[in-house]
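Undergrad: Handing you a structure now.
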Amino acid sequence: MMNGYLDESDFTMVEEGFTTRDLLDNLLMEVSQTTSKGAFFVADLGDVVKKHLRFLKALPHVKPFYAVKCNGSRGVVRTLAELGAGFDCASKAEMALVQSIGVPPAKIIYTNPCKQISQIRYAASHGVQLMAFDNEVELGKVARSHPRARMVLCIATDSSRPSASLSVKFGAPLKSCRRLLEMAKEMNVEIVGVSFHVSGGGIDPQAFTRSIADARLVFEMGAELGYKLCLLDIGGGFPGTENSSVRFEEIAATINSALDLYFPEGCGVEIIAKPGRYYVASAFTLAVTVISKQEVPWDLLSSDDEEPSRKKSFLYYINDGLYGSFSCIFFDHTCPTPVLHKKPCPDPPLFSSSLWGPSCDGQDRIADGLELPELQVGDWLTFENMGAYSIAAASSFNGYQQPQISYAMSRVAWEALQLLPGKLAQPEEEDRVRVCTPLSCGWEIADILCITPVFAPARIT
């Protein structure tokens, strides 16, 4: 049964035997016959469905609230709404986007700990009650502007570790939490839970264990003050690509073990997470074209002992750059790798190459130190894993427009999506054997889509 957020007309259905790569090839052929040859994305919404099923399987007691800041494209938002996910919004614009497609306010958490008063009032007038805070000034603003708010205290993660860089800006230290809880009681502000966020860069799974243990301490502080806290938000920071140094299932196993110890099932606490790049990073492929090139003599770049055949280097200029979709280089510390669309001749000579964006800024460099065959103006390059902090952070600097997005989904993913709403919890193993007949629930399709094995529970150290 569908929720009505997504329809077949919103994407191209990819039938069996036909891949999104085939769709990309077809689009490149079509665009190549036009004069514009603009950059564009192909977004595999089936990959988002697969990630959702994988999430539910690995973290069966955690409800995902998608971090809209990572990629607010309507196709992604509609797909996740159809899947029954909640939404982590950090601004009025993000709340408006999510509610414009019909998502109820109960499925939104306003997570920015430092909010403009006008945006607090906007949340109040649009029924969004669940909000985060980490300081006493925010408590005062909320008490005056949104007295019905249900607040979540955001605590700092271990700031001595690289994985906790956000705690420099956000998150209350443990030593401040009791005072903030006392002040909230004096101001008659309702506190319902605790949150934290482990940054995705160089993630340490044990950072989740430490943060969950810290959250348990804050729950105990709240109980001593008469609060009945009922929500734990474990944040995001989950990897979105398979080349991550730590696999998602390994992190999930660590989280499950920590939750079993500190927030066991039946304790009356609802647990949510805020994955962003996890859902979208691998779903988006960007296609760009070479718009200009410059040959640079090798002796300007290297020593004289290089082999003669290598005595030239190329600078290639493409029609998207650091101020556009490649903003992920700055915001998500990615290193995009180009794939040449046309098949070169066997064993072509390779030349030292660099890629540059189309803007007039000399810092608009996408990649260097590449070994590529010689490219020509009009050649297409594709970049995979471009869904996170690319579209969301792009600007119109120099007047360049954002690439269009072509959405696609496989039929098997579409069938899984239709079966899944309302089935947020994975059935017990014995129940799965008993109740699942062909296409009777989404979990058989989940097994097809989610081929990654779930790790055994990790030990808490």
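The values are calculated or read from the model by the stated rules, or taken from the named source; none is laboratory data. Computed from a predicted structure; not experimentally measured. With ideal geometry, Cβ positions are generated from the backbone for all residues, glycine too; neighbour counts draw on all protein chains shown. With ligands, DNA and RNA removed, areas are computed over all heavy atoms of the protein, side chains included. Shrake-Rupley method; radii C 1.70, N 1.55, O 1.52, S 1.80 Å.
Undergrad: Specify which of the listed residues (Ser353, Ser410, Ser406, Ser395) is modelled with pLDDT of 90 or more, polar (S, T, N, Q) and farther than 23 Å from Ser32 by Cβ.
TA: Details: Ser353 fails: farther than 23 Å from Ser32 by Cβ; Ser406 fails: farther than 23 Å from Ser32 by Cβ; Ser395 fails: modelled with pLDDT of 90 or more.
Result of the check over Ser353, Ser410, Ser406, Ser395: Ser410.
Undergrad: Would you check which residues across the stretch 10-57 are closer than 30 Å to Ile251 by Cα and in a strand (DSSP E or B) and list them?
TA: Across the stretch 10-57, the qualifying residues are Phe41, Val42, Ala43, Asp44.
Undergrad: Sort through Phe330, Phe284 and tell me the only one that's modelled with pLDDT under 95 and of a type in the set (A, V, I, L, M, F, W, C). Walk me through how you get there before you give the answer.
TA: Numbers: Phe284 fails: modelled with pLDDT under 95.
Result of the check over Phe330, Phe284: Phe330.
Undergrad: Residue by residue through the stretch 272-287, note down the ones that are open to solvent by less than 10 Å² (accessible area, probe 1.4 Å) and in a strand (DSSP E or B).
TA: Ile272, Ala273, Phe284, Leu286, Ala287 - these are the residues of the stretch 272-287 that are open to solvent by less than 10 Å² (accessible area, probe 1.4 Å) and in a strand (DSSP E or B).
Undergrad: Is it the case that some residue within the stretch 155-169 is modelled with pLDDT of 95 or more and either among the small types (Gly, Ala, Ser) or out of contact with any strand residue (DSSP E or B) (no Cβ under 7 Å at 6 or more places or on another chain) (or both)?
TA: Initial filter on the stretch 155-169 (modelled with pLDDT of 95 or more): 155.
Filter once more, so that each one left must be either among the small types (Gly, Ala, Ser) or out of contact with any strand residue (DSSP E or B) (no Cβ under 7 Å at 6 or more places or on another chain) (or both): none.
No - not one qualifying residue is present in the stretch 155-169.
Undergrad: Here are the criteria: (1) surrounded by 22 or more Cβ atoms within 10 Å (Cβ to Cβ); (2) assigned to a helix (DSSP H, G or I); (3) hydrophobic (A, V, I, L, M, F, W, C). Tell me which single one Ala96 does not satisfy.
TA: (1)
Undergrad: Can I ask one more? Looking at (1) open to solvent by less than 60 Å² (accessible area, probe 1.4 Å); (2) within 30 Å of Phe65 (Cβ to Cβ); (3) modelled with pLDDT of 95 or more, which is the only condition Val290 fails?
TA: (2)
Undergrad: Please go through (1) open to solvent by 50 Å² or more (accessible area, probe 1.4 Å); (2) at pLDDT 95 or above; (3) within 30 Å of Leu27 (Cα to Cα) for Pro264 and return the number of the only condition it doesn't satisfy.
TA: Failed condition: (3).
Undergrad: crowded, with 18+ Cβ neighbours inside 10 Å and closer than 22 Å to Ala408 by Cα - does that describe any residue in the stretch 107-116?
TA: no
Undergrad: On to the next question. I'd like the full set of residues that are of a type in the set (A, V, I, L, M) and open to solvent by 30 Å² or more (accessible area, probe 1.4 Å), limited to the stretch 1-26.
TA: Step one: of the stretch 1-26, the residues of a type in the set (A, V, I, L, M) are 1-2, 6, 13-14, 23-24.
Within the stretch 1-26, Met1, Met2, Met13 qualify.
Undergrad: Check the stretch 117-128 and report whether any residue there is touching a Leu at 6+ places or on another chain (Cβ under 7 Å), open to solvent by less than 40 Å² (accessible area, probe 1.4 Å) and either modelled with pLDDT under 95 or in the same structural domain as Cys89 (by the TED database) (or both). Break it down into steps so the answer makes sense when it comes.
TA: Residues of the stretch 117-128 touching a Leu at 6+ places or on another chain (Cβ under 7 Å): none.
Within the stretch 117-128 (the criterion being touching a Leu at 6+ places or on another chain (Cβ under 7 Å), open to solvent by less than 40 Å² (accessible area, probe 1.4 Å) and either modelled with pLDDT under 95 or in the same structural domain as Cys89 (by the TED database) (or both)), the answer is no, since none of the residues qualifies.
Undergrad: Residue by residue through the stretch 32-46, note down the ones that are open to solvent by 20 Å² or more (accessible area, probe 1.4 Å), in contact (Cβ under 8 Å) with a residue 12 or more places away in the chain and either closer than 19 Å to Thr19 by Cα or among the hydroxyl-bearing types (Ser, Thr, Tyr) (or both). First the steps, then the outcome.
TA: To start, the set of residues in the stretch 32-46 that are open to solvent by 20 Å² or more (accessible area, probe 1.4 Å) comprises 32-38, 44.
Add one more test, that the residue is in contact (Cβ under 8 Å) with a residue 12 or more places away in the chain, and what stays is 32, 37-38, 44.
Scanning the stretch 32-46 gives Ser32, Asp44.
Undergrad: Right, another one. Filter the stretch 215-239 down to the residues that are assigned to a helix (DSSP H, G or I) and farther than 25 Å from Phe87 by Cβ, then identify the one that is most open to solvent (accessible area, probe 1.4 Å). It would help to see each step written out before you state the result.
TA: Step one: list which residues in the stretch 215-239 are assigned to a helix (DSSP H, G or I), which gives 215-224.
Applying the additional criterion that residues be farther than 25 Å from Phe87 by Cβ yields 216-217, 220-224.
Numbers: Arg216: 61, Leu217: 83, Glu220: 86, Met221: 34, Gly222: 0, Ala223: 66, Glu224: 129 Å².
Of everything passing the filter in the stretch 215-239, Glu224 is most open to solvent (accessible area, probe 1.4 Å).
Undergrad: I would also like to ask the following. Are any residues in the stretch 58-69 part of a helix (DSSP H, G or I), within 19 Å of Ala392 (Cβ to Cβ) and open to solvent by less than 20 Å² (accessible area, probe 1.4 Å), and if so, which ones? Walk me through how you get there before you give the answer.
TA: Taking the stretch 58-69 first, the residues part of a helix (DSSP H, G or I) are 58, 68-69.
Retained after the next criterion (residues that are within 19 Å of Ala392 (Cβ to Cβ)): 68-69.
Hit for the stretch 58-69 is Val68, nothing else.
Undergrad: So which residues in the stretch 182-214 are hydrophobic (A, V, I, L, M, F, W, C), within 17 Å of Arg150 (Cβ to Cβ) and either open to solvent by less than 40 Å² (accessible area, probe 1.4 Å) or not in a loop (DSSP other than H, G, I, E, B) (or both)?
TA: Of everything in the stretch 182-214, those that are hydrophobic (A, V, I, L, M, F, W, C), within 17 Å of Arg150 (Cβ to Cβ) and either open to solvent by less than 40 Å² (accessible area, probe 1.4 Å) or not in a loop (DSSP other than H, G, I, E, B) (or both) turn out to be Met183, Ala184, Val189, Ile191, Val192, Val194.
Undergrad: Got at least one residue in the stretch 240-256 being closer than 19 Å to Phe133 by Cα, buried (at least 21 other Cβ atoms within 10 Å of the Cβ), touching a Leu at 6+ places or on another chain (Cβ under 9 Å) and among the β-branched types (Val, Ile, Thr)?
TA: The first filter runs over the stretch 240-256 and keeps only residues closer than 19 Å to Phe133 by Cα, leaving none.
No: zero hits.
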